[in-house]
Amino acid sequence: MAAPGSCALWSCCGRGWSRAMRGCQLLGLRSSWPGDPLSARLLSQEKRAAETHFGFETVSEEEKGGKVYQVFESVAKKYDVMNDMMSLGIHRVWKDLLLWKMRPLPGTQLLDVAGGTGDIAFRFLNYVQSQHQRKQKRQLRAQQNLSWEEIAKEYQNEEDSLGGSRVVVCDINKEMLKVGKQKALAQGYRAGLAWVLGDAEELPFDDDKFDIYTIAFGIRNVTHIDQALQEAHRVLKPGGRFLCLEFSQVNNPLISRLYDLYSFQVIPVLGEVIAGDWKSYQYLVESIRRFPSQEEFKEMIEDAGFHKVTYESLTSGIVAIHSGFKL
């Protein structure tokens, strides 16, 4: 059992009035009345706990959700173009590396959260289809007595072209999903792909459902990152893997100065010129600076229940890939 002083410690850590009160009751301590100094401090902590950041701006938690939604609703149509412009195309390499680290096996069930425009989902489908086709060719070579009709039938079975693999794209923003669906239709992605409107903090899926959970450049926009991580853990099967690609902290002082200059002086201007939206890209730049460091985020993932948590910094720490397992 915790020491009696832990009740005050819980309140000082900003867990809120009700939780501190429950802690005191469990410890057999008498609660303070609203007029007491302790009560005033607890109420003040509760007020601060209800506040969060939207870039460099302090807003209420409820307000942040609406503001983030408006940002991505505004940039959805130009989102992919701006990604290319802002990163000079390097974001494509980062996402390829995420798939390389994933290395999904035949039959993998993937949940891609905040994946509205489909970049990770399409890469996953390409990867598993390529893997399955290679396996198919090996099997056909081993069966030399098959007729041409049987061989053609094997290749024309679209539903089986993914070896049973499937990806579900979940995003809270309707406009981002709309863009993703349009891209899928234009690029011919149909089998093994589903689109779901859902919140990362309250996923609309059963427990132990997916083999892999990915979130790329999305988790920093979530109001309660710890809750999103817990949801990721819940929906993964035992042995399932969590993979996150996100902006992080640059570890080279010279590159850091150049990166800051580019981020604050160039990216918002590109946003205004290409997407007609300065403020949204100013927020995106600020949100990157507010996101935890590689080590801090690693600890958050571990706190959510994941094991064997590791990370790899890419491009001098501009982004990092975090990995963890549900054991």
Using a 1.4 Å probe on heavy atoms of the protein chains only, the accessible area for Thr310 in Å², nearest 10, reads 80 Å²
Label point 7 Å beyond Cα of Val93 along Cβ direction - residues of the range 254-298 with amide nitrogen under 17 Å: 255-256, 259
For a label point 7 Å from the Cα of Glu202 along Cα→C-beta, name the residues of the range 226-260 whose backbone N is under 20 Å from it. 226-236
Probe 1.4 Å, protein heavy atoms only - accessible area per residue of the range 163-298 in square angstrom: 45 Å²
By accessible area (1.4 Å), largest first, Val113, Val266 order as Val266, Val113
HN-Hα J couplings of the range 183-194 from phi, Karplus 6.51/-1.76/1.60, θ = phi - 60°, integer Hz, Gly and Pro as x? 5, 4, 5, 5, 9, x, 8, 10, 5, x, 9, 9
Of the heavy-atom accessible surface of the range 243-320 (probe 1.4 angstrom), what whole percent is carbon and sulfur? 55 percent
Treating the range 204-259 as a set of equal point scatterers at the Cα positions, no solvent, please give the Debye-formula log₁₀ I(q)/I(0) at q = 0.16, 0.17, 0.23 Å⁻¹. -0.58, -0.63, -0.90
Please give the Cα centre distance for the range 73-117 versus the range 191-243, rounded to the nearest Å. 15 Å
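Based on the Cβ-Cβ distance from Ser60 to Ala191, what FRET efficiency comes out when R0 is 30 Å, to the nearest 0.05?
Numbers: r = 43 Å, r/R0 = 1.43.
The formula returns an efficiency of 0.10 here.
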Need one value: the accessible area of Trp278 in square angstrom, 1.4 angstrom probe, rounded to the nearest 10. 110 Å²
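Provide the FRET efficiency to the nearest 0.05 for the Glu73-Trp278 pair, computing r from the beta carbons and using R0 = 22 Å.
Details: r = 16 Å, r/R0 = 0.72.
So the FRET efficiency works out to roughly 0.85.
My understanding is that a pair violates if its Cα-Cα distance is over 19 Å; which of Lys101/Lys308; Lys181/Lys209; Lys183/Lys237; Lys174/Lys237; Lys101/Lys298 do that in this structure? Walk me through the intermediate numbers first.
Numbers: Lys101/Lys308 14 Å; Lys181/Lys209 23 Å; Lys183/Lys237 30 Å; Lys174/Lys237 27 Å; Lys101/Lys298 17 Å.
Those over the limit are Lys181/Lys209; Lys183/Lys237; Lys174/Lys237.
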Solvent-accessible area of Arg103, probe 1.4 Å, all protein chains present, reported in Å² to the nearest ten, please. 130 Å²
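The values are calculated or read from the model by the stated rules, or taken from the named source; none is laboratory data. Just so we're clear, the structure is a prediction, and the values are computed from it rather than from any experiment. Methodologically, a virtual Cβ is constructed for each residue, glycine included, from the backbone with ideal geometry; neighbour enumeration extends over all protein chains shown. For accessibility, only protein heavy atoms count, side chains too; no ligands or nucleic acids. Shrake-Rupley method; radii C 1.70, N 1.55, O 1.52, S 1.80 Å.
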